[in-house]
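This is the structure, below, for whatever I ask next.
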Amino acid sequence: MVQFRLPMLPHPDEVEWSSIVNGVVTSLSVDSNSILLDVLRDQVGSLGTKRGCDMGTCGCCSVLVDGEPRLSCLTLAIEVEGSSITTVEGLSDGHHLSPIQQTFREFGGSQCGFCTPGFLVVISALLSENQRPTDEEIKSAIEGNLCRCTGFQQIVDSVREASEILVSGISIEDSTLPKSDPHPKYMEDA
Ligand code: FES
Ligand code: FES
């Protein structure tokens with residue numbers, strides 16, 4: 001009797017991968033079929049990059065590749081080898097939140113927060129190209145991102161306010177200045 005056997009899938013090759021992630025040169029061995037989302041979360045440790053649908057429909061996994069938004073769940077890591085990759089962790093300036101991070105906090109752009117990294121990354125790309133987007137341009141920029149909490153209006157409001165900060169150069173508040181460590185090791189740090 002003839003026996004049929006399903007061939008085992010070959011194990012992918014390991015390849016050397018090097019890119020600049022949030023300004024840091026990052027070199028790793030990755031599977032040749034690894035998606036960027038897995039490399040960022042599991043190997044780089046960028047847990048701000050969220051896995052939502054894993055099929056290109058929610059926008060949670062958005063990152064910037066050379067300044068352009070990309071869905072990391074649909075991008076092979078080797079496709080973007082050598083690029084400059086920015087995740088949500090790379091948007092702030094040290095302890096100082098970027099304008100869109102400030103306004104998301106102030107205007108309710110984030111509630112449960114799961115979708116937030118994807119929105120922040122995509123909106124950062126919009127504002128770096130166009131500091132005065134119209135509502136239509138804002139909606140068009142975020143049309144690939146889904147949020148189940150906010151109803152979207154607070155997100156649009158947050159983008160408008162971030163635009164005001166960028167154009168006027170005036171921050172809405174000083175509360176993003178570094179704060180004293182709430183859990184100081186030494187009394188002089190308190
Ligand atoms: S996880 Fe990538 S689009 Fe949903
Ligand atoms: S804030 Fe909860 S899904 Fe967007």
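Among the numbered criteria (1) within 10 Å of ligand 2 (Cβ to nearest atom); (2) under 22 Å from R70 (Cβ atoms); (3) surrounded by fewer than 21 Cβ atoms within 10 Å (Cβ to Cβ), which single criterion is violated by T116?
Unmet for T116, out of (1) within 10 Å of ligand 2 (Cβ to nearest atom); (2) under 22 Å from R70 (Cβ atoms); (3) surrounded by fewer than 21 Cβ atoms within 10 Å (Cβ to Cβ): (3).
Let me ask another. I'd like the residue in the range 55-64 that is more than 16 Å from ligand 2 (Cβ to nearest atom) and farther than 16 Å from A141 by Cβ and, out of all such residues, is most open to solvent (accessible area, probe 1.4 Å).
Filtering first and then ranking leaves M55.
Something else: Show me the helices (runs of 4 or more DSSP H) found entirely inside the range 98-163 where at least 3 residues are among the hydrophobic types (A, V, I, L, M, F, W, C).
Because the criterion is at least 3 residues that are among the hydrophobic types (A, V, I, L, M, F, W, C), the helices (runs of 4 or more DSSP H) in the range 98-163 that meet it are 99-107, 116-129.
Could you list, in sequence order, the residues of the range 120-132 that are more than 16 Å from ligand 2 (Cβ to nearest atom) and open to solvent by less than 20 Å² (accessible area, probe 1.4 Å)?
Result: A125, L127.
Something else about it: Among the candidates S163, S168, which residue alone is farther than 24 Å from S84 by Cα and modelled with pLDDT under 95?
S168
If only one of T49, T75, T103, T87 is more than 15 Å from ligand 1 (Cβ to nearest atom) and open to solvent by less than 20 Å² (accessible area, probe 1.4 Å), which one is it? Break it down into steps so the answer makes sense when it comes.
On the way: T49 fails: more than 15 Å from ligand 1 (Cβ to nearest atom); T75 fails: more than 15 Å from ligand 1 (Cβ to nearest atom); T87 fails: more than 15 Å from ligand 1 (Cβ to nearest atom).
Going through T49, T75, T103, T87 in turn, the sole match is T103.
Considering only residues that are polar (S, T, N, Q) and open to solvent by 60 Å² or more (accessible area, probe 1.4 Å), look in the range 139-171 and name the one that is nearest to R105 (Cα to Cα).
Q153
The values are calculated or read from the model by the stated rules, or taken from the named source; none is laboratory data. From a predicted model like this one, the values you see are computed outputs, not experimental measurements. Positions of Cβ are backbone-derived with ideal geometry, glycine not excepted, and every protein chain shown enters the neighbour counts. Remember, those area values only see protein heavy atoms, side chains included, never the ligands or the DNA or RNA. Shrake-Rupley method; radii C 1.70, N 1.55, O 1.52, S 1.80 Å.
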